[in-house]
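See below for the structure under consideration.
The values are calculated or read from the model by the stated rules, or taken from the named source; none is laboratory data. What you are looking at is a predicted structure, and each value in this text was computed from that prediction instead of being measured. So basically every Cβ, Gly included, is an ideal-geometry build from the backbone, and we count neighbours across all protein chains shown.
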Amino acid sequence: MKTILSLDELENSSNKTLYFTFDEKIEGIDCVTPIHADLCAKSLGDFVQVSGNVKGKVLLECDLCLEKFEYDLDYELDELFSKGSLLGDYDESGQEFEIKDGQFVTDLNGENEIDIYDLLYQSVILSFPNKKVCGINCKGREYISQEEDITDPRLEIFNNLQINPKK
């Protein structure tokens, strides 16, 4: 099920603010539990801010040992959307628009809705650690027994390679 935030509904709401809850698994992410998000959308004139807390549990693959492990999500979401075209609106008026460090603005390009499902998919993916490690005691692939063949058969040609040094 896709969750859509209508900008018309937001503009006509009390205090131009809408609260909503998202509680389901996201396709394309290996979710152990549904992703739970308590979100607030606010209209800020030419911008819409979507903020709130996101929690859940997903399965990630360890970069060292390649085993799956559970990863707890618990982070604050704070996204800003521009209702009009950022470049078009500000270039014509001559007004400068500065994006500060860590601030991102998504241009809606005249769209009248925000896909919350897609927003959460992207934010969950971006919240994953850069280096996914199952634990501080992970030994990597050391545990592979000597009997297990991990040689790529395409590399066997190099077994008989002889290098003759130049004289």
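A few notes on this one:
- Evaluated against (1) at pLDDT 90 or above; (2) exposed (fewer than 10 other Cβ atoms within 10 Å of the Cβ), residue 159 falls short on exactly one condition, (1).
- Checklist (1) touching a helix residue (DSSP H, G or I) at 6+ places or on another chain (Cβ under 6 Å); (2) without any contact (Cβ under 8 Å) to a residue 24 or more places away in the chain; (3) of a type in the set (Ser, Thr, Tyr) applied to residue 19, failing item: (1)
- Total residues in the range 1-24 satisfying the condition of being among the aliphatic types (A, V, I, L, M) and part of a helix (DSSP H, G or I): the figure is 2.
- Odd one out for residue 65, checked against (1) outside any strand (DSSP E or B); (2) in contact with a Cys (Cβ under 6 Å, 6 or more places away or on another chain); (3) surrounded by fewer than 16 Cβ atoms within 10 Å (Cβ to Cβ): (3)
- Per this entry, residue 10 is counted among residues that are among the hydrophobic types (A, V, I, L, M, F, W, C), under 22 Å from residue 111 (Cα atoms) and in contact with a helix residue (DSSP H, G or I) (Cβ under 8 Å, 6 or more places away or on another chain).
Here is a yes/no grid of residues against (1) within 16 Å of residue 114 (Cβ to Cβ); (2) exposed (fewer than 15 other Cβ atoms within 10 Å of the Cβ):
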residue: 3; (1), (2): yes, no
residue: 19; (1), (2): yes, yes
residue: 25; (1), (2): no, yes
residue: 28; (1), (2): no, yes
residue: 44; (1), (2): yes, yes
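- Reported count of residues in the range 98-112, each being part of a strand (DSSP E or B) and either among the aromatic types (Phe, Trp, Tyr) or modelled with pLDDT of 80 or more (or both), is 2.
- Total residues in the range 31-81, condition of a type in the set (Ser, Thr, Tyr) and within 18 Å of residue 18 (Cβ to Cβ): 2
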